[in-house]
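The values are calculated or read from the model by the stated rules, or taken from the named source; none is laboratory data. Keep in mind that this is a model prediction, so the values were computed, not measured. Positions of Cβ are backbone-derived with ideal geometry, glycine not excepted, and every protein chain shown enters the neighbour counts. Just the protein is used for accessible areas: all its heavy atoms, side chains included, with ligands, DNA and RNA removed. Shrake-Rupley method; radii C 1.70, N 1.55, O 1.52, S 1.80 Å.
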Amino acid sequence: MEKNHWFKTYIYIWIGQFVSLISSSAVNFAVIIWLSLEFKSAEVLAVAAIAALLPQAIIGPFAGVYIDRWDKKKVMIYADAFIATCTLLMTFALRDGQVQLNWMYLLMACRSIGSAFHQPALQAVAPLIVPQDQLLRVSGVNQILHSVSAIAGPALGALAIAALPIHQVLYLDIIGAAFAIVSLMFISIPYIKPESLATIRQVWRDLKLGFLAIHQNKGLNRMFLYSILAMMGVLPVAIMFPLMTIGHFGGDKLEMSIIEVVWGVGMLVGGSALSAFKVSFRKILLINVMHIVLGLTFVLSGILPPSSFILFVVLTGFGGASMSIFNAVFMTIIQEEIAADMLGRVFSLYFSFAIIPSLIGLLFAGNIADHIGVANAFIIAGLLCIVLGVVSFMTPSLMKLGLKEQVLMDEEN
């Protein structure tokens, strides 16, 4: 692809995804506010998260095989359309103030099926369009878009939930999905046609090849393992920020909005730093350090007294920045280490491997939060991340990851 053409193509992807991200962020935050104020239970939030993630974890690896075989542009369009349809049906589950939690859980599970195809396809598109030396910067821009949506989305969601019933707020997500679909209509994404038919036997073979691509790269499989273990703590804590704000610090809608916005500001700073500056040292060092920094923000947040909400806000900003840098660098390393025709299944395998232990963490965290306090859940998750960060520095195969690329970079300079 021509030097400038890839950038023009990606502009359309960024615009569509940006609108979709803001609308989804607004709706997700509005739903969290609604669930938090309606039920005031970590268990309800945990069950909702499980419903939204479990189907993706189960079918994700198989979806990845087909993502690598299908036209990724069409995969994203159809997945967005399916998710929007599920959201439309959710409006009926919440119409007239009726709380139909079981229907909500079911439709959230259906949305998860769409996400199982959409997210890996989106991640697998970049190496087909973007030059390899620009992948980290593109990942940085992606994190900026996520960050801005994390800032604007909660503000929009708070305004929407204050002015509209929850079932009408959901229409924002449908509008965002429609915009993303339209933006994809204007671009062309290279399609790598598979050499064999997608028989059941071939699907299993492709899935095995994707697993071996991870397993045989010792540094990469250790990075996957430590990241998956970290997610067991990070994901449960991520859904408990509103409960932490309400229960521990005595906040309300305004304080919940502030925390969401500050997390987004932190992500924006982290993503901007990666896109603005060229990383001249090995990326794996950033991964390890961000484990430790994120863990410290959780631990310190958990031990703060209820009167220290301002410090909680500051720590949340640092947490957002570290998470943004971690995500961008993690995805870039995978894109550099794995062949483009296998990225769909590799990303799907990672998402599935990360989600299943996280669901176990959610179950335990819900009980911990409801019985011994949300603050303790923050402390436990933070300690887990810190330990994993330290262990990462002590793992030789992980520390060798990207060493050859760094040597070549040094020689060029």
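Remarks
- Residue ID - modelled with the lowest pLDDT, chosen from residues in the stretch 365-405 that are exposed (fewer than 15 other Cβ atoms within 10 Å of the Cβ) and either farther than 30 Å from residue 49 by Cα or among the aromatic types (Phe, Trp, Tyr) (or both): 404
- Residue match in the stretch 217-235 (condition: assigned to a helix (DSSP H, G or I) and farther than 30 Å from residue 401 by Cα): no
- Filtered residue count, the stretch 325-339, keeping only those that are modelled with pLDDT of 85 or more and among the small types (Gly, Ala, Ser): 0
- Residue ID - surrounded by the most Cβ atoms within 10 Å (Cβ to Cβ), chosen from residues in the stretch 79-119 that are outside any helix (DSSP H, G or I) and polar (S, T, N, Q): 100
- Restricted to the stretch 248-271, and to residues there that are modelled with pLDDT of 80 or more and small (Gly, Ala, Ser), the residue that is farthest from the chain's Cα centre (by Cα) is 250.
- Test result for residue 342, open to solvent by 10 Å² or more (accessible area, probe 1.4 Å) and modelled with pLDDT under 75: no
- Of residues in the stretch 161-197 being surrounded by fewer than 14 Cβ atoms within 10 Å (Cβ to Cβ) and of a type in the set (Gly, Ala, Ser), the one modelled with the lowest pLDDT: 196
- Remark: pairs (first residue in the stretch 301-328, open to solvent by 50 Å² or more (accessible area, probe 1.4 Å); second residue in a helix (DSSP H, G or I) and among the hydroxyl-bearing types (Ser, Thr, Tyr); Cβ separation under 7 Å; 6+ apart in sequence or on different chains) = 318/297.
- Scope the stretch 227-247; condition within 20 Å of residue 61 (Cβ to Cβ) and modelled with pLDDT of 85 or more; matching residues: 227, 229
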